[in-house]
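The values are calculated or read from the model by the stated rules, or taken from the named source; none is laboratory data. Computed from a predicted model, the values in this text were never measured in an experiment. Here Cβ is always computed from backbone atoms with ideal geometry, including for glycine, and neighbour counts include all displayed protein chains. Only protein heavy atoms, including side chains, enter the accessible area calculation; ligands, DNA and RNA are left aside. Shrake-Rupley method; radii C 1.70, N 1.55, O 1.52, S 1.80 Å.
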Amino acid sequence: MQRLSLWLRSRPIAGDSALALLLLFLEVVLSAHARSPFWFFLVTALLVVPMVVRRTATVPAAYVVLAGYALSIVTFGNTVRLAADIAVAVFLYTLVSRHGRIGGASYVAALLVLYPAKLILHTPEQARGAIPVGVAMGILFFAVCWVLGEFVGARRAHHEAVEQRLRAVEFERDQQARIAVAEERNRIARELHDVLAHSVSVMVTQADGATYSLRKKPELAEQAMTTIGDTGRAALAELRHLLAVLRNSEEPGESRSPQPNAAGVRELADRVRSLGLPVTVEVDGELDDLPTGLGLSIYRIVQESLTNALRHAGRAASASVIVRNDGHRIDVQVLDDGTRRAAEDGSGGHGLIGMRERATVYGGTLEAGPADEGGWRVHAVLPLDGVRVASG
């Protein structure tokens, strides 16, 4: 029984269709002894068909059934009384449960007029004394439907309020968890800054001392260099530990290999060629002595640009990479000659944003868009002066 209830709840039209078929059966059985004129089929349709949509179009369907009920009184009287009474009672319950007392008030007022009129117009002369009892029974029947609708509607509203509250509590809990995680990561980041700042200060001090004592007191220089090594190793260990805490759990495992730099664009081009995209590389100027972070940013910009060319430029396309270092700035240009889709934002819309962020961090700019000669062009300019001052 519970499985049937769950099945009907998940498929309301199936249950309403079964109820409509039951009403149709009652109509046919109760009118089997009489010849059925055209009006019979019209009244049957008005009473049965709206039952299928009583949950999706409750108010219109309810008043269509009410019209059919009134028409049955005028045309057939008691011929279809049971099916008609069941139909209007079901819709009275549905209106009250779904639209409250206001939705059912006008409906029940119409029934309190139509039902006594039905008994008065179509009760035989010898049975008129039972009309008050019939009216009382009808009012009691409709009252039960009203109370049942009130109960079911109140329970449904309570369940919806509880579900909404649970969703709100779950959302609030998730937000609080996110805030707590963000605060903890900020605290760890501050600790990371303090650890690195202290370690670097110690290493700089020891390096300066080693420089001064290298010729006069080499044993002190050796001791200072040992301290520098120990401090650096401890700082790296602490850095790896804190970064492991900060790392997103969805990211792949931590890599111990060195991060690539700007000089690695040639190897990157070789790997892209092996994937089927012809790439030419032109490097003008020295790239090996660039700061690590800047070199990594240059590498990632070229990598993202070539990845986008592989994805979107087409099979017959080729690409060129030009990196120039004039001593004051790094000029990076990646150009492909393929056909490009209307919108190009890299990996799901975040690649271009990431490249711009990498350029902005070092005070640079990045432009990406269709090239004048066709294809797609990425052009980044990264200044060197401020970077060297900051890193020196």
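Taking PHE141 as the residue in question, decide whether it is closer than 23 Å to LEU23 by Cβ and either open to solvent by less than 50 Å² (accessible area, probe 1.4 Å) or out of contact with any Ser or Thr (no Cβ under 7 Å at 6 or more places or on another chain) (or both).
Considered against the rule, which asks whether it is closer than 23 Å to LEU23 by Cβ and either open to solvent by less than 50 Å² (accessible area, probe 1.4 Å) or out of contact with any Ser or Thr (no Cβ under 7 Å at 6 or more places or on another chain) (or both), PHE141 comes out as yes.
Condition first: open to solvent by 70 Å² or more (accessible area, probe 1.4 Å) and either out of contact with any helix residue (DSSP H, G or I) (no Cβ under 9 Å at 6 or more places or on another chain) or part of a loop (DSSP other than H, G, I, E, B) (or both). Now tell me which residues in segment 279-291 satisfy that. Walk me through how you get there before you give the answer.
Let us first name the residues in segment 279-291 that are open to solvent by 70 Å² or more (accessible area, probe 1.4 Å), namely 280, 282, 284, 286, 288-289.
Within segment 279-291, GLU282, ASP284, GLU286, ASP288, ASP289 meet the criteria.
Please find, within segment 160-181, the residue that is least open to solvent (accessible area, probe 1.4 Å) out of those that are over 28 Å from ARG98 (Cα atoms) and among the β-branched types (Val, Ile, Thr).
VAL181
Residues to consider are ARG358, ARG388, ARG340; find the one that is in contact with a strand residue (DSSP E or B) (Cβ under 7 Å, 6 or more places away or on another chain), at pLDDT below 85 and either over 20 Å from VAL265 (Cβ atoms) or not in a loop (DSSP other than H, G, I, E, B) (or both).
Answer to the check: ARG340.
Quick check on this structure: which one of LEU335, LEU296, LEU306 is at pLDDT 85 or above, surrounded by 16 or more Cβ atoms within 10 Å (Cβ to Cβ), of a type outside the set (Val, Ile, Thr) and not in a strand (DSSP E or B)? If you could, list the steps in order and put the result at the bottom.
On the way: LEU335 fails: not in a strand (DSSP E or B); LEU296 fails: at pLDDT 85 or above.
Only one candidate passes the filter, namely LEU306.
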